[in-house]
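Report on the structure given below.
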Amino acid sequence: MKVLITGVTGFAGSHLADHLIEAGHEVWGLRRWRSRDDNVAHLAGRLRLIEGDITDARAMADTIAAVRPAWIFHLAAQSFVPASWQAPDATLTTNIRGQLNLLEAVRAARLTCRIQIAGSSEEYGLVQPHELPITEDTPLRPLSPYAVSKVAQDLLAWQYARSYGLDVVRTRGFNHTGPRRGEPFVSSDFARQVAEVSLGLREPVIAVGNLEARRDFTDVRDVARAYALALERGKSAEVYNICSGQDVSIRELLGMLADLAGVEVATRPDPARLRPSDVPVLRGCCDKFRKATGWEPRLPLRTTLADLLAWWRQRLVGPIADARH
Ligand code: GDD
């Protein structure tokens, strides 16, 4: 199968490329000229990269016309929630117009293909305790410009499926983590700090934000498998939650990381890490996706966090070794 991944150099995109290449697909990836290639460097010679920005309608049209993929995974986005308060315009433009350009490019090329749209559990936002676990029918009450952009992407995809018959499958991914997780996201930020403590590079004091938030984490490699199954077996125009069904507090997450690294840490609240409004708890139900595809998450959170810590230790030890030589 000829496949195109937008956002291939990102966290989920690079793991999806690993999974699809391993499964024998011909994988093309769209990368912005200013993006770093570290996450896909190991795929050199096996991944075909095309330069282009999703906010550029012409670039999207050219890409779709040149590649003519059978499957498109649309992962490119401004994905960091706090940045969406600092740059709401850029977040809404990148995420909504970027997707519009993709869908219009597919229409203009008269391409018959399946398209996965990566939505988010952030779309549910202000969920009441009696509404847990979150199903696809839980109301959408987004609490950040990022979350609003994801609701718009989700509904735009549905509208294009209904109005123009585009074969779109919508996923609402809950939190995911693992090796290559971007540094600003909480699991990676804490893993880096804990790894630095274990290597003696910092005092055992971790800068933190809201530790009481609860999130439903899945390993990124399980999520990559889920995205592929969404296009293999998902129903057109449908929306599916992708989650583990378990939630942990961010405090517990930090405790697990410290325990895995064998260190004791104290915390230092950092006001800059607090958000104007934070989603208190996200715990999903993925029965609908399981029934449609047979997907189950395989990797337990401790394994995921251990792999993330190992990845950080490797990144931190390299520069130390270099400095000694
Ligand atoms: N980033 C960060 N840094 N978050 C912190 C910190 C900190 O020091 N301390 C506490 N938190 C809390 C945040 O307030 C939030 O409630 C929670 O940790 C999870 O934050 P992240 O994992 O960084 O991201 P997110 O949940 O806001 O969004 C991620 O998951 C979404 C799916 O639910 C991103 O990957 C989104 O792109 C994705 O859609």
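The values are calculated or read from the model by the stated rules, or taken from the named source; none is laboratory data. Computed from a prediction, not measured in an experiment: that's the story for all the values here. Quick reminder, even Gly has a Cβ in these numbers, built from the backbone with ideal geometry, and neighbours come from all protein chains shown.
Select from segment 53-85 the residues that are of a type in the set (Gly, Ala, Ser) and buried (at least 21 other Cβ atoms within 10 Å of the Cβ) and write down the one among them that is nearest to the ligand (Cβ to nearest atom).
SER79
Say whether the condition of being surrounded by 15 or more Cβ atoms within 10 Å (Cβ to Cβ) and more than 19 Å from the chain's Cα centre (by Cα) is met by at least one residue in segment 295-304.
no
Residues GLY284, GLY294: which one is touching a Ser or Thr at 6+ places or on another chain (Cβ under 7 Å) and touching a residue at least 24 places away in the same chain (Cβ under 8 Å)?
GLY284
Counting only residues that are of a type in the set (S, T, N, Q) and surrounded by 20 or more Cβ atoms within 10 Å (Cβ to Cβ), how many does segment 210-236 have?
Qualifying residue count, segment 210-236: 1.
Across segment 104-124, what is the total count of residues that are buried (at least 23 other Cβ atoms within 10 Å of the Cβ) and either aromatic (Phe, Trp, Tyr) or on the phi > 0 side of the Ramachandran plot (or both)?
1
Only residues that are more than 16 Å from GLY209 (Cα to Cα), under 20 Å from the mean Cα position of the chain (by Cα) and in contact (Cβ under 8 Å) with a residue 40 or more places away in the chain: list them for segment 244-281, please.
Within segment 244-281, SER244, GLY245, GLN246 meet the criteria.
So, in segment 146-160, exactly how many residues are of a type in the set (A, V, I, L, M) and either outside the structural domain of THR93 (by TED's automatic domain parsing) or under 17 Å from ALA87 (Cβ atoms) (or both)?
Within segment 146-160, residues that are of a type in the set (A, V, I, L, M) and either outside the structural domain of THR93 (by TED's automatic domain parsing) or under 17 Å from ALA87 (Cβ atoms) (or both) number 3.
Cβ contacts < 7 Å: first residue more than 8 Å from the ligand (Cβ to nearest atom), restricted to segment 178-197; second residue among the β-branched types (Val, Ile, Thr) and part of a loop (DSSP other than H, G, I, E, B), any location; separation 6+ or different chain. Result?
VAL194/VAL263; VAL194/VAL265; VAL197/VAL263; VAL197/VAL265
Among the residues of segment 59-73, are any without any contact (Cβ under 8 Å) to a residue 60 or more places away in the chain, assigned by TED's automatic domain parsing to the domain that holds ALA109, in contact with a Pro (Cβ under 7 Å, 6 or more places away or on another chain) and not in a loop (DSSP other than H, G, I, E, B)?
Looking for residues that are without any contact (Cβ under 8 Å) to a residue 60 or more places away in the chain, assigned by TED's automatic domain parsing to the domain that holds ALA109, in contact with a Pro (Cβ under 7 Å, 6 or more places away or on another chain) and not in a loop (DSSP other than H, G, I, E, B), one finds none in segment 59-73, hence no.
Only one of these conditions is not met by THR112: (1) under 15 Å from the mean Cα position of the chain (by Cα); (2) assigned to a loop (DSSP other than H, G, I, E, B); (3) among the hydroxyl-bearing types (Ser, Thr, Tyr). Which number is it?
Unmet condition: (1).
What about ARG202, is it within 11 Å of the ligand (Cβ to nearest atom) and of a type in the set (D, E, K, R)?
In short, no.
Select from segment 133-151 the residues that are in contact with a Pro (Cβ under 8 Å, 6 or more places away or on another chain) and either part of a strand (DSSP E or B) or more than 10 Å from the ligand (Cβ to nearest atom) (or both) and list them in ascending order.
Result: PRO145, VAL148, VAL151.
Taking the stated definitions as given, is PRO280 within 9 Å of the ligand (Cβ to nearest atom), modelled with pLDDT under 95, closer than 20 Å to SER120 by Cα and out of contact with any Gly (no Cβ under 8 Å at 6 or more places or on another chain)?
yes
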